[in-house]
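Everything below concerns the one structure shown next.
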Amino acid sequence: MAAAEQFLKSNNTLIIAIDNPHLCLGRRISAIIDRLVGRLGAKKVTVCGNCPPELATLAHRNPAMRLIPIASLGHVENEVEFMRSFNSFDTVPLLRQIRMPVSGLDLYDVAGFDGLLYPYRASCELDWSILDGLEGPYDLLVIVGGSHFNYPLPERILAEVKSRRLIAPETRCIGVPVGPLTGPLSPHWIGSCDRVLLPEARALGVLEKLYPDLPGEVCGDLLADIPQPVSVEPETSDRLNVLIDWTFLHTWQLKAILSELAQCDLRSRIRLSLTAISEETSQMLWAKWSSILEDFAPEWVYTNGNEYYRAVSEADVVIGFVCGRDVWAWRREQGGVIVCDFAGWRRAFEFEGPDPVASPKQCVSQLEQLIALAGERR
Amino acid sequence: MMSAQNAKTTAADGSAVIEPGCLAGRRILFFAGLVHHYQRLAPLLCRLDELGANVIYATTQNVNFGCDFKGDFEVPLVQAGKRYIFLPEHFEAEVANDLVLDYRRAERTIAEAVRSTPQWSIRLSVAAVRLRTMIGLEHDRLVRKLLDHVEPELVLVLHEYNCWARPLCAQAIARDIPVLSFIEGVPYETLPQGMLNGQLSSRICLWGQAHYRRMVADGAEPAKLAIIGAMHLDIVRNTYLAEAKQLRAQFDLSPKKKIILLLMPRLCYLDAADQIIRALTDFVRERRGYQFVIKWHSHDRVEEIDRLCTCVNGTKHFQSENTLQLIACADVVLCSGTMAGTEALAFGKPVIEINWQGRNVNINYSARGIAQEVCSPQDLPLIDEIITNGRPKPIIEAVEKFVADTFSTLDGRSVDRAVGQVLSLLNPCTKS
């Protein structure tokens, strides 16, 4: 730990926070920043980014801490100018370099007019002027969080502090990734850090594989036991609480599990909950699969609040997916997590979690085993 | 609509002969690249079914960066009782391992770009590019599997300007499979020049001369373009107008009052939505003979709509209902630069453009002289003026020209003409 103490010496620290509500990172980010601020002992700590709401409480408690949240401005005013601005990406070689392997179209051609427009719009509608409030010189940069599809946060903030010379060229940048370390939703900024702090050896092993030249540090006392979403008393019930925690990447896999569950005699033995981003999500699922869902009468767990954290803690079994939320990491002690990978993404993304199940049948079979174990325990 | 069992029919342009069963067993792949793609082409798809075609429906997952699941593409197909191929479900496991090398290569490209040209990453989320890249690479392989599996004789899409349809069109053309595409609506004024070039279609069916001119100007080959009319409007316009009384009863609208219909765009495109709604509510409340009706965009969240409706009493609200049926019931239609205004003009309804705080979405009606605009609550008496005296003559004349130019002919035969194009692509010797 002495090594970590050395890296974290600072008088004026800038922490860049990157929440991603879809990955439910907020509570963990706040807890990590709370500990970091305590550890840093800096006279001044500025937290800038798309800050989870819990940070406001922290800032209120700690006079040395200042929040610069990047808030939404509302809609872009000039649609024509916005489109002209977006089309200026035409010259960006990146999007032309990434060619679709079969059709030969480039990424811009395929995605330029819708896939990337939404995140670009979201980024244009953020109030970046608040960055004027950054006051250096900062002697330490820390990036905490994951990555968000619509917010080019670390790049924008780093560009601002560099252009205004709020940091010296030799200022260290420490990364504290939260959420899945691999896959398309993983923190993309890790490679820009000078050092990465991780909660335990497993994550360090993944980092060494992904970024062999990047020094990593297990920082157990700073980061361990962070995943404590909400403390709950285990509920005693005849039926097991099973939460299927899917994201937008996994809709057909969710359907495959539900279909398999529907064929098994588990309905009377489980109480099923399904995550959803909003009421519309659940309505959409009803519109598609009402005949399957009717049998289970699932309870919907919306992922934008405490309800989600509580459900993850309360569930006897959580069925998760590769490249989704890293519930398996939160529940490492508690267990009862099945990770699904029906499409072979583990290989594609070098998934760092436990061995996934490769088919709906295997998933349900593992669920049956867990139900049997739970029955024995009770 | 004409039955397939009828005797042979000549397409309205007098060229193609449509006989019952003339498409028996022909494998036509329809791909829905967004929710409304099926809805727009449903009249043609039904007709192809009737003519014996083996229409294979396919769609994919709506992965809109996890913002929400508004509009999963397969829902209209489920509601229509169609069996369909859902790309990830059918082929994802097959393509996942192939994806590895492509994705790694793309990741390297992205990482190099971040290092060498950091300015773009300040404006566009790296995470979005990564995710879109992964999704794009996978989709490209999924559609290849789809074509391998279906071996269609013809690919049918609403249009090629969509990230889901585009790779499919490109691959089909590369395999010499003809692609028949259509056009979604009036070309938005915000679309860049040169975009509507039809390069990935064998034939593009257009609504009217306005489309033709725009596409030729954008570089499309004139030989690929066929003006067939607007199928979604053509069939129903006269029916709905004739049934307006019954429709009013169906929607529980007053049979005697003047219906002021506000067609809302997505709320994210109308900053002043609450002010507009409140002003219109107050305006109508002061007049006995009017009824205020709001048609919300089907993609807007219920809670957002509820928030805006708290101040509005005595107003009828619709969201999932048929917009064209509501237009048929209306006496005056207000819109904010969306294409629905064009449809209202085709129905012969006076359109008033709302230009409260700028931000026309797609079409500037008032600048084209086909609608008058209201820019503030003080302008709302324009509604009284139009209801009492009608629209000014220059506007009526401009609208006539606009509708004729945009929709060519609304003679109830546009589906026939589309079938004619299908036949000519399947049987190249058929004159189209």
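Which percentage, to the nearest 5, of the DSSP beta bridges contained in the protein assembly as shown is antiparallel? Write down the numbers at each step before the final one.
Working: 4 of 91 bridges.
Bridges in the protein assembly as shown that DSSP calls antiparallel: roughly 5 percent.
Answer with one residue from A:GLY353, A:TRP300, A:GLY41: the one whose Cα lies farthest towards the positive end of the charge dipole of chain A, charges on Cβ with Lys, Arg +1 and Asp, Glu -1.
The residue sitting most towards the positive pole is A:GLY41.
Between B:ASN54 and A:ALA168, with labels modelled 7 Å along Cα→Cβ, what's the label distance in nm to one decimal, could you check?
7.5 nm
Which whole-number percentage describes the relative contact order of chain B, with Cα contacts under 8 Å and a sequence gap of 6 or more? It would help to have the intermediate numbers written out before the result.
Numbers: 690 pairs, mean separation 68.8, N = 432.
Dividing the mean separation by the residue count of chain B yields 16 percent.
Sequence-distant or interchain residues sharing an amide H contact under 5 Å with B:TYR290, placed H: which?
Those lying under 5 Å, H to H, from B:TYR290 are B:LYS258.
Stick to the Cα atoms of the protein assembly as shown, pair each with every other, and give me the Kirkwood hydrodynamic radius in Å at one decimal.
Numbers: mean 1/r = 0.0345 Å⁻¹.
So the Kirkwood estimate lands at 29.0 Å.
For the pair A:GLU135 and B:ASN313, what calculated FRET efficiency results from E = 1/(1 + (r/R0)^6), where r is the Cβ-Cβ distance and R0 = 41 Å, to the nearest 0.05?
Working: r = 50 Å, r/R0 = 1.23.
Computed FRET efficiency for B:ASN313 and A:GLU135: 0.25.
For Cα pairs less than 8 Å apart in space and 6+ apart in sequence, what is the mean separation divided by the residue count of segment A:97-157, i.e. the relative contact order in percent? List each step's numbers first, then the result.
Values: 21 pairs, mean separation 19.2, N = 61.
The normalised contact order for segment A:97-157 reaches 31 percent.
Send over the Kirkwood Rh of segment B:163-239, from the inverse of the averaged 1/r over different Cα pairs, rounded to one decimal Å. Write out the running numbers ahead of the final one.
On the way: mean 1/r = 0.0754 Å⁻¹.
Averaging 1/r across every pair of different Cα atoms and inverting gives 13.3 Å.
Given contacts defined as C-alpha pairs under 8 Å and at least six residues apart, what's the relative contact order of segment B:238-407, whole-number percent? Could the numbers behind the result be given before it?
On the way: 248 pairs, mean separation 37.3, N = 170.
In percent, rounded to a whole number, it is 22.
How far apart, in nanometres, would the label points at A:GLU279 and B:ALA404 be if each is projected 7 angstrom from Cα along the Cα-to-Cβ direction?
Rounded to a tenth, the inter-label distance reads 4.9 nm.
Please express the Cα-Cα pair-distance distribution P(r) of segment B:238-407 as a list of whole percents, one per 5 Å bin, running from 0 to the bin with the greatest distance.
1, 8, 19, 22, 23, 16, 7, 2, 0
Which one of A:PRO53, A:LEU214, A:GLY133 has its Cα pushed farthest toward the positive end of the charge dipole of the protein assembly as shown, where Lys and Arg give +1 and Asp and Glu give -1 at the Cβ?
A:GLY133
Please determine, in degrees from 0 to 90 and to the nearest 10, the orientation of helix A:279-296 with respect to the longest principal axis defined by the Cα atoms of chain A, where the helix direction is its Cα long axis.
For helix A:279-296, the angle is close to 20 degrees.
Determine which residues of segment B:298-340 fall in the zone a paramagnetic label at B:GLU243 would reach in this model, i.e. backbone nitrogen under 18 Å from the point 7 Å along Cα→Cβ.
Counting backbone N atoms under 18 Å from the label point, the list is B:319-330.
If you take all C-alpha pairs in segment A:225-378, what percent of them are over 21 Å apart? Show your work: numbers first, answer last.
Values: 4880 of 11781 pairs.
Roughly 41 percent, once rounded to a whole number.
Taking the Cα centre as origin and putting +1 on Lys and Arg beta-carbons and -1 on Asp and Glu beta-carbons, what dipole magnitude results for the protein assembly as shown, to the nearest 20 debye?
Working: 84 positive and 97 negative charges, 184 e Å.
Around 880 debye, computed over the protein assembly as shown.
When only alpha-carbon atoms are used, what values of Rg and Dmax, in angstrom, describe segment B:225-291?
Using the Cα atoms of segment B:225-291, the pair Rg, Dmax is 16.5, 51 Å.
Using only the Cα atoms of segment A:144-207, each taken as one equal point scatterer with no solvent, compute I(q) by the Debye sum, divide by I(0), and report log10 of the ratio at q = 0.12, 0.20, 0.27 Å⁻¹.
-0.34, -0.84, -1.24
Please give me the summed charge of the neighbours of A:ALA42: other residues whose Cβ is under 15 Å from its Cβ, Lys and Arg +1, Asp and Glu -1. Numbers along the way, then the final one.
On the way: positive: A:LYS9, A:ARG35, A:ARG39, A:LYS43, A:LYS44, A:ARG66, A:ARG172; negative: A:GLU5, A:ASP34, A:GLU135, A:ASP139.
My count for the surroundings of A:ALA42 gives +3.
From the phi of every residue in segment A:98-113, what ³J(HN,Hα) in whole Hz does the Karplus formula 6.51 cos²θ - 1.76 cosθ + 1.60 yield, where θ is phi - 60° and glycine or proline is x?
Those phi angles translate into 7, 9, 5, x, 9, 7, x, 6, 8, 4, 4, 4, 7, 10, x, 9 Hz.
Average partner chain C-beta neighbours within 10 Å, per residue of B:133-143? Please report the intermediate quantities before stating the final value.
Details: counts 9, 8, 5, 12, 8, 4, 5, 8, 4, 1, 3.
That average works out to 6.
Taking the highest mean first, how do the peptides B:76-83, A:101-108, A:65-72 order by number of other beta carbon atoms within 10 angstrom per residue?
Numbers: B:76-83: 14.6, A:101-108: 20.0, A:65-72: 17.0.
Averaged packing, sorted descending, gives the order A:101-108, A:65-72, B:76-83.
Helix A:251-263 sits at what angle to the longest principal axis of chain A, using alpha carbons and giving 0 to 90 degrees rounded to 10?
20 degrees
With Cβ to Cβ distances under 14 Å as the rule, what net charge do the other residues near B:GLN199 carry (K, R +1; D, E -1)?
Working: positive: B:ARG166, B:ARG203, B:LYS224; negative: A:ASP106, A:ASP109, B:GLU160, B:ASP218, B:GLU221.
Here the count lands on -2.
Extending each Cα 7 Å along its Cβ direction at B:ALA42 and B:THR388, get the distance between those two points in nm, one decimal.
Between B:ALA42 and B:THR388, the simple spin-label model gives 4.1 nm.
How much mean residue ellipticity at 222 nm does chain A get from its helices, if each DSSP H run of length 4 or more adds -39500 (n - 2.57) and you divide by all residues, to the nearest 500 deg cm²/dmol?
Details: 16 runs with 148 residues, N = 378.
After summing the helix terms and dividing by residue count, I get -11000 deg cm²/dmol.
Rounding to the nearest 10 and keeping the result within 0 to 90°, find how far the Cα-based axis of helix A:26-40 lies from the longest principal axis of chain A.
Relative to chain A, helix A:26-40 is tipped by roughly 40 degrees.
Between B:ASN322 and A:GLU77, how high is the FRET efficiency from 1/(1 + (r/R0)^6) when r is the Cβ-Cβ distance and R₀ = 35 Å? Nearest 0.05.
Numbers: r = 33 Å, r/R0 = 0.94.
Approximately 0.60, to the nearest 0.05.
Tell me the Rg and the Dmax, in Å, that the Cα atoms of chain B produce.
Every Cα atom of chain B included, Rg and Dmax give 23.3, 69 Å.
A short reminder: the numbers here are calculations on the coordinates, not readings from a lab. Predicted model only: the values in this text are computed from it and were never measured. Because the Cβ atoms are built from the backbone with ideal geometry, glycine has one as well, and the counts that use them run over all protein chains shown.
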